[in-house]
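Heads up, the thing below is written out as C-alpha cells.
What follows draws every value from the coordinates through simple rules; no lab data is involved. Predicted, not measured: the structure shown is a model, and the values here were computed from it. Ideal geometry is used to build each Cβ from the backbone, glycine not excepted, and the neighbour counts take in all protein chains shown.
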Amino acid sequence: MASPIIKKAVVHLLAGELVALPTETVYGLGADAANPEAVARIFTAKGRPADHPLIVHLADAASLAQWAEGIPQGAWDLAAAFWPGPLTLILKKQPWVPLAVTGGQDTVGLRVPAHPLTLELLDAFAAARAPGAAGIAAPSANRFGRVSPTTAAHVREELGNKVSMVLDGGACTVGIESTIVDFSRGMPEILRPGAISPDDIAHTTGVLPCVRGRAGMGHETHEMPRVSGSLDAHYAPLTPLRQVESGALSEEVMRLVRVGRRVAVLAHSACALRDASLVCHWQTAVPEPAAYARELYANLRALDALGADVILVEEVPGGLAWQAIGDRLRRACAGSGAGE
Ligand code: TXA
Ligand code: MG
C-alpha cells in the first residue's frame, strides 16, 4: 500500500503535472513519460530547448523491453549489474515512445534510480497507470544550464513555483548525474561520465566502452552526442569559476586579493593562507572522489551565494576515479559568470 504522499504524487502525475523527485544522483523534475503534454511542461519549466532528450525512469529492469527494442545482451547485463543505480542506457526506442521525450530521436534514455521513495513512486505509478508502459521522464530539476539540485531545498529555490509537489528524500548520496552509456549502435559508448566507470562497464560487458568527444577513458570517437550535459556551458554558477593547480592556488588567491577581488575557494587541500579572513570563504572538500562528488553541487551553490567576484577551484587529481568530477568542473567553469 503506497503512503499518502506517494498517492498524492501519483495523482499529480496522472493529471499531467510536474513532481520533483529524489534520486541517488540528483533531484529530477518528473512527468508522465507517455503523456507528451506533461513532458512539454518539463521543457517550459526548465527553459530547456525541446530537442534535448529526457531520461525515462523505470520501476525495474523488467520494464526495459516496453520502452526499447533490439536490446543488446550487454545492455541487459549492465541493467542487471547496476540497476537500481546511477546508470542510464540509451537504446533504440519502441515506436510508440513519444518523440517529445526523445527530443525527436529514435533512441530513448532509460534508468532505474536507486532511491526508495522514487522506487515506491514508480511502483505506485505503474500500478495506477496499468495497462500500458509507465515511466517518469525526469531531467535534473534545475533551470537549463544551472547547477543540478541535490536537496529538496535546492529544487524549491530553482523551480518551487513550477511544480505541483517536491518529494523530499533528503540529500542525494551520489551527487553527480548518472553515467550515460549509449548502446543503440550495438557497442557501448559513454556519453557522460559518472559514478559507474568505464572499467565497471568493461568488467560487465567484456568491452571497453568508447568515450565520445573526450580524451582519457577507453577509446575515443569525435561525433558530438545530442546530450545537453555535453554542452560546455552546463552545471554553471553565476559567479565566474576558475580551476587552479594545487601548487599555485594560494599564490593566485593572494594575487587577486591584492587587486581588491573578493575570492571564494573550493579546495580539497586545507587552507594554506596565513590569514583565512582574506577570502570570503575557503571550502575544504573531502579529498576522496565519492565524498567530493556528493558535496560538489551543494558546495558550488553555497559559494555562488556569497557574491564573490570569483570562485577558484583547486584542480582535482587526474585519473579515472576523478574523471566525472573533472568533467563537471570543466563544464561549470565554461558556463560560469552569467551573473557578472
Ligand atoms: O542522474 C541523472 O541522470 C539525472 C537523474 C534525475 O536521473 N538526470 C539527468 O537528466 O541528469 P538530464 O536531462 O539533466 O540529463 C540527461 C542527459 C541529457 O544530457 C540528455 O540529452 C541525455 O541524457 N539523453 C537522454 N536521452 C538521450 C538520448 N536518447 N540520446 C542521447 N542522449 C540522451
Ligand atoms: Mg541536467
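Between 0 and 90 degrees, the angle of helix 289-304 with respect to the longest Cα principal axis of the chain falls at about 70 degrees. Looking at the chain as a GNM with Cα springs under 10 Å, which of PRO72, PRO198, PRO139 has the largest mean-square fluctuation? Of PRO72, PRO198, PRO139, the Gaussian network model singles out PRO72 as fluctuating most. Here is how the number arises for the chain: DSSP H runs of 4 or more residues each give -39500 (n - 2.57), the sum is divided by the residue count, and the result at 222 nm is -9500 deg cm²/dmol. Shape summary of the stretch 1-154, radius of gyration then Dmax from alpha carbon positions: 14.2, 40 Å.
Taking 1 over the mean of 1/r across every pair of different Cα atoms in the chain, what Kirkwood radius in Å do you get?
On the way: mean 1/r = 0.0488 Å⁻¹.
After inverting the mean inverse Cα-Cα distance, the result is 20.5 Å.
Can you tell me the 0 to 90 degree angle between the C-alpha axis of helix 116-129 and the longest principal axis of the chain, rounded to 10? Its long axis makes an angle of about 30 degrees. Each label point was placed 7 Å from the Cα along the Cα-to-Cβ direction; for GLN66 and GLU37 their separation is 2.2 nm. If you line up the long axis of helix 249-258 against the longest principal axis of the chain, both from Cα atoms, how many degrees apart are they, to the nearest 10? Compared with the principal axis, the helix lies near 60 degrees.
Residues ASP275, ASP199, ASP106 in ascending order of nearby Cβ atoms (within 10 Å, fewest first): ASP275, ASP106, ASP199.
Projecting label points 7 angstrom from Cα along Cα→Cβ for GLN94 and SER269 puts them 5.4 nm apart. Separation of the stretch 152-216 and the stretch 66-87, taken as the distance between their Cα centroids, equals 14 angstrom. Largest mean-square fluctuation among ALA138, ALA276, ALA31, in a Gaussian network model of the chain whose springs join Cα atoms under 10 Å apart, belongs to ALA276. Fewest-first ordering of LEU21, LEU89 by other beta carbons within 10 Å of each residue's beta carbon gives LEU21, LEU89.
Ranked for footprinting exposure by Cβ neighbours inside 10 Å, fewest first, VAL39, VAL26 give VAL39, VAL26. Restricting to Cα pairs below 8 Å that are 6+ residues apart, what does the relative contact order work out to for the stretch 137-216? Please round to a whole percent. Worked out over the stretch 137-216, it gives 18 percent. Report, for the chain, the % of DSSP beta bridges that are antiparallel, rounded to 5. Approximately 35 percent, going by the DSSP bridge assignments.
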